Amino acid sequence: MILQTALLIGLVIFSVLAILLKDLLKSAISLALASLLLGIIFFRMNAPYAGVFEISVVAGLITVLFVLTIALTGKGEDVRESRLVNWVFPLVFAAFLVIDALVMKGLLGQVPALASGAESGSFGEVLWKARTFDLVGQIAVILAGVFAVLALFRKRDKHD
Amino acid sequence: MTNTWYLYLFFAAALVGAGLLGLLGKRNLIKLFIAIEVIGKGISLLLLGTGFAKASILTAQALVITYIVIEVSLVATALALIINIYRHTKSLDIRGLAKLKG
């Protein structure tokens, strides 16, 4: 439990760093570290498949995409961030955490429990049999993403 | 079990809050997208934490994997859009988009 809490605190710290750091490359790397910690948390929650996907896809592939974009667009040094954010963000975030700690316990009591029986079978059976519709949706979304990227990077006609 | 659930939901809400604050305060397009990613991390932690606390971890895992796969195509599309915007305006500043015409 203590290790899990430490991992969760690390996850929040790296996520906040990813938002606050000025250097885009450093913030992409701290986002990857946050994903790595989230993957370890998933492993410790008996969810190995989600952990594997989180570490390999989010910490690996998405970080590569981010680094590639940063390399293609420059480091964004021309963007002037408002200085106020660096002061206001930690204060508002700390206030948010306090409210979160106070309110969340009360909210949990009001969430009705879902009527569901005990799960049986393996992960594969649940994924294929119970969530077939989600898988069809996933395939459609991936195809849509591929076509969107192709459309965005198509060569311009002479008439454009 | 409620204590475990409380722990996960507390940190999930913290991640979503941090992401929302980042969305409100930052101006760099890539930074804004990183904030959206942080919100997404909070949501997947929320899903899996609730599944863990309610003893339906397999369904939660299936949902999280669906989310991760969709996230990849979302990221690819959004980063392609950001690169196109950069080519168009020569800047990553979100305020530059307000000046676009027709």
Exercise. Rg and Dmax of region A:1-72, Cα atoms, in Å?
Worked result: 12.7, 43
Exercise. Under unit Cβ charges (Lys, Arg +1; Asp, Glu -1), what dipole magnitude, rounded to 20 debye, does the protein assembly as shown have relative to its Cα centre?
Worked result: 880
Exercise. Hey, rough spin-label estimate for residue A:132 and residue B:55, points 7 angstrom out along Cα→Cβ, what's it come to in nanometres?
Worked result: 2.8
Problem set entry | Global geometry of region A:9-160, whether rounded, prolate or oblate, following the gyration tensor of its Cα atoms and the 1.5 cut on a/c | oblate
Exercise. How big is the accessible area of residue A:23 in square angstrom, nearest 10, if you roll a 1.4 angstrom probe over the protein chains?
Worked result: 50
Exercise. Once the whole set of protein chains is in place, how much accessible area is left on residue A:1, using a 1.4 Å probe, in Å² to the nearest 10?
Worked result: 120
For this session: Could you compute the FRET efficiency for residue A:9 and residue B:89, with r as their C-beta to C-beta distance and R0 at 51 Å, rounded to 0.05?
Result: 0.85
Problem set entry | Links that overshoot a 24 Å alpha carbon limit, given the list A:22/B:41; A:105/B:41; A:129/B:54; A:22/A:155 | A:22/A:155
Seminar exercise, completed: About its Cα centre, region B:27-102 carries a charge dipole, from +1 on Lys and Arg Cβ atoms and -1 on Asp and Glu Cβ atoms, whose size in debye to the nearest 20 is 460
Problem set entry | Value of [θ]222 nm, deg cm²/dmol, for chain A, DSSP H segments ≥ 4, -39500 (n - 2.57) each, nearest 500 | -22000 deg cm²/dmol
For this session: Go through A:80, A:154, A:44, B:27 and list them by solvent-accessible area, largest first, probe radius 1.4 Å.
Result: A:80, A:154, A:44, B:27
Exercise. Of all accessible surface on region B:7-99 at a 1.4 Å probe, what whole percent is carbon and sulfur?
Worked result: 73
Problem set entry | Electrostatic dipole magnitude of region A:7-160 [Cβ: Lys, Arg +1; Asp, Glu -1; Cα centre; debye, to 20] | 280
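Per residue, how many Å² of accessible area does the protein assembly as shown show with a 1.4 Å probe?
On a per-residue basis, 54 Å².
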Seminar exercise, completed: Between chains B and A, total accessible area buried, probe 1.4 Å, no ligands or nucleic acids, nearest 100 Å², roughly 6600
Exercise. Residue A:120: accessible area at probe 1.4 Å, nearest 10 Å²?
Worked result: 90
Exercise. Picking from A:28, A:95, A:130, which is most flexible by a Gaussian network model of chain A using Cα springs under 10 Å?
Worked result: A:130
Seminar exercise, completed: Checked the protein assembly as shown with the C-alpha gyration tensor, a ≥ b ≥ c its square-rooted eigenvalues, rounded below a/c of 1.5, otherwise prolate if a/b is larger than b/c and oblate if not; verdict oblate
Seminar exercise, completed: Of B:10, A:42, ordered by accessible area with the largest first and a 1.4 Å probe, the sequence is B:10, A:42
For this session: Compute the Cα gyration tensor for chain B, then decide on rounded, prolate or oblate, letting a ≥ b ≥ c be the square roots of its eigenvalues: rounded whenever a/c is under 1.5, prolate when a/b is larger than b/c in the other cases, and oblate in all that remain.
Result: oblate
Exercise. Roughly how many nanometres apart are two label points built 7 Å out from the Cα toward the Cβ at residue A:146 and residue B:4?
Worked result: 3.9
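Add +1 for every Lys or Arg and -1 for every Asp or Glu among the other residues with Cβ under 14 Å from the Cβ of residue A:33, and state the total.
Taking every Cβ under 14 Å from that of residue A:33, the sum is 0.
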Exercise. At a Förster distance of 35 Å, what's the computed FRET efficiency of residue A:107 paired with residue A:86, Cβ-Cβ distance as r, to 0.05?
Worked result: 0.70
For this session: Would you be so kind as to identify which of A:53, A:143, A:102 lies farthest towards the positive end of the dipole of the protein assembly as shown, taking Lys and Arg as +1 and Asp and Glu as -1 on Cβ and the Cα centre as origin?
Result: A:143
Exercise. When the Cα centres of region B:80-95 and region B:10-38 are compared, how far apart do they sit, in Å?
Worked result: 20
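The values are calculated or read from the model by the stated rules, or taken from the named source; none is laboratory data. Computed from a prediction, not measured in an experiment: that's the story for all the values here. Please note: Cβ atoms are built from the backbone with ideal geometry, for glycine as well, and neighbour counts cover all protein chains shown. Accessible surface is based on the protein model in full, side chains and every heavy atom, while ligands, DNA and RNA are left aside. Shrake-Rupley method; radii C 1.70, N 1.55, O 1.52, S 1.80 Å.
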